[in-house]
1. Which of the numbered conditions does residue 82 fail, given that it passes all the others? Conditions: (1) more than 45 Å from the chain's Cα centre (by Cα); (2) modelled with pLDDT of 85 or more.
2. Among the listed residues 47, 65, 58, 74, which satisfies the condition of being at pLDDT 90 or above and assigned by TED's automatic domain parsing to the domain that holds residue 17?
3. How many of the residues in the range 13-33 are touching a residue at least 12 places away in the same chain (Cβ under 8 Å) and of a type outside the set (Val, Ile, Thr)?
4. Considering every residue within the range 81-101, establish whether at least one is among the acidic types (Asp, Glu) and free of Cβ contacts under 8 Å to residues at least 12 places away in the same chain.
5. Checking the structure you have, find out if any residue of the range 135-146 is of a type in the set (A, V, I, L, M, F, W, C), out of contact with any Gly (no Cβ under 9 Å at 6 or more places or on another chain) and surrounded by 10 or more Cβ atoms within 10 Å (Cβ to Cβ).
6. Of all the residues that make up the range 28-42, how many are touching a helix residue (DSSP H, G or I) at 6+ places or on another chain (Cβ under 7 Å) and either over 15 Å from residue 87 (Cα atoms) or of a type in the set (A, V, I, L, M, F, W, C) (or both)?
7. Being touching a residue at least 24 places away in the same chain (Cβ under 8 Å) and outside any loop (DSSP other than H, G, I, E, B) narrows it down to one of 117, 72, so name that one.
8. So residue 126 fits all but one of (1) free of Cβ contacts under 8 Å to residues at least 12 places away in the same chain; (2) assigned to a loop (DSSP other than H, G, I, E, B); (3) surrounded by 10 or more Cβ atoms within 10 Å (Cβ to Cβ); what number is the exception?
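The values are calculated or read from the model by the stated rules, or taken from the named source; none is laboratory data. Just so you know, these numbers come straight off a predicted model, no measurement behind them. Here the Cβ is made from the backbone with ideal geometry for all residues, glycine too, and neighbour counts use every protein chain on show.
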Amino acid sequence: MRFLFLLPTGLNVERIKQIRSSFNADIKAVTDADSLEQLRIKYLGRKGLITNAFAFIKDVANEHKPQFGAQLNKLKNDVEQTYKNLVKTTSGKNTSAEYIDLTLPGRKRFSGHMHPLIRVAEEIKNIFKSFGFAIEDGPEVETDHYNFEALNLPK
């Protein structure tokens, strides 16, 4: 469907109303993501009806440009908002089981196992935790200063 934009402002406003009513009629036909994308291309695409309507602002008389531009911007914002809402509702219909991104890298598998001594140490820690002890980390070897001199013990 082609829309002609004429120079008198009243007729330009009529064309904006025709685009709006056509868009509202086309919304009812949207059933899936493909038809939603076709709707976006028809109205908001590079050669879409609303995009072409902006090209005719230069032909409108100077005193009518603000009114025409404001109504055209309002139409564009309304269509974009309706499109975003439709994207949310139609994307909710697709489950994650339907879509698998094959371009993602695979999951890394970790080979190997825990060393037996570390496993025994973990078991011992768990036994002491069950008795109510707290596990604290610290240096494995203490110096003479911290063991005796700092406690004022004679040599």
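1. (1)
2. None of the other options fit; the residue is 74.
3. 8
4. Yes, the range 81-101 contains at least one residue that is among the acidic types (Asp, Glu) and free of Cβ contacts under 8 Å to residues at least 12 places away in the same chain.
5. So far as the range 135-146 goes, no, none of its residues is of a type in the set (A, V, I, L, M, F, W, C), out of contact with any Gly (no Cβ under 9 Å at 6 or more places or on another chain) and surrounded by 10 or more Cβ atoms within 10 Å (Cβ to Cβ).
6. Final tally of qualifying residues: 6.
7. 72
8. Looking at each condition in turn, residue 126 falls short on (2).
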